[in-house]
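A short write-up of the structure that comes next.
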Amino acid sequence: MVNGDKIKNKDFFLWKSFLDGDQKALEKIYKSNYQALYNYGLRIHANPDLVKDTIQELFFSLIDRLSTLGNTDNIRFYLVAAFRRKMMITLKKKGNFLLTDSNQAFDFDFDVSAEELMINNEEKTTTRLKLRKIINNLPSRQKEAVFLKFYYGMTYEQITKIMGINYQSARSIIYKAVHVMKKAFEQGRHTEKAKTQ
């Protein structure tokens, strides 16, 4: 969210236009964020229709609450956080999701190309497949945090707000995930090296 100290960026002005009732600003926000929300939603629940419906509901609720919405200088963060809350409510109503603790963790699925952001484009497909396998063996909260950090470029502060965890937990979750991934890669390299000798 914006405070007086922050520099107003293009997201701030686009969101302000939307708050002022500019239909083109709404269309631009929708078009530039729909795919990201859809990709994130499919990680939370594999039903594409439910994800699409929840995105529509999110935008309808934003329009309905237009006069009560605050400013933001990061539209993607604002929408992802609101979308995640809406997905939780939707899944809870449908009985597909039980809140077992205050962290409200989903059974997060990381079957997307986000891992490609962590390695060079020149790397072989086998490396990407190995990384995908390693990521999918992580606990759900680690997968979601890694997805938000490396796929969406969210800061630790933003991850804490989206996932409902504290700052130290966000850092710890991502640190552990990266440590596990590095260790798994190193073990894979040693195994391959031993086979060639």
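Relative contact order for the range 26-94: 38 percent, from Cα pairs under 8 Å spaced at least 6 residues apart, divided by residue count.
Go through K133/K183; K149/K176; K52/K161; K93/K149; K52/K92; K94/K149 and tell me which ones have a Cα-Cα distance over 21 Å in this structure. Table pairs above 21 Å Cα-Cα are K52/K161; K93/K149; K94/K149.
Annotation: amide H-H contacts under 5 Å for M154 (H modelled 1.01 Å from N, sequence separation of 5 or more, or interchain): K149. Label positions at T127 and T68, each projected 7 Å from the Cα along the C-beta direction, are separated by 5.0 nm.
Quick note: the coordinates plus some simple rules give every number you see, no bench work behind them. Nothing here was measured: the structure is a model prediction, and the numbers come from that model. Every residue, glycine among them, receives a Cβ derived from its backbone with ideal geometry; neighbour counts consider all protein chains shown.
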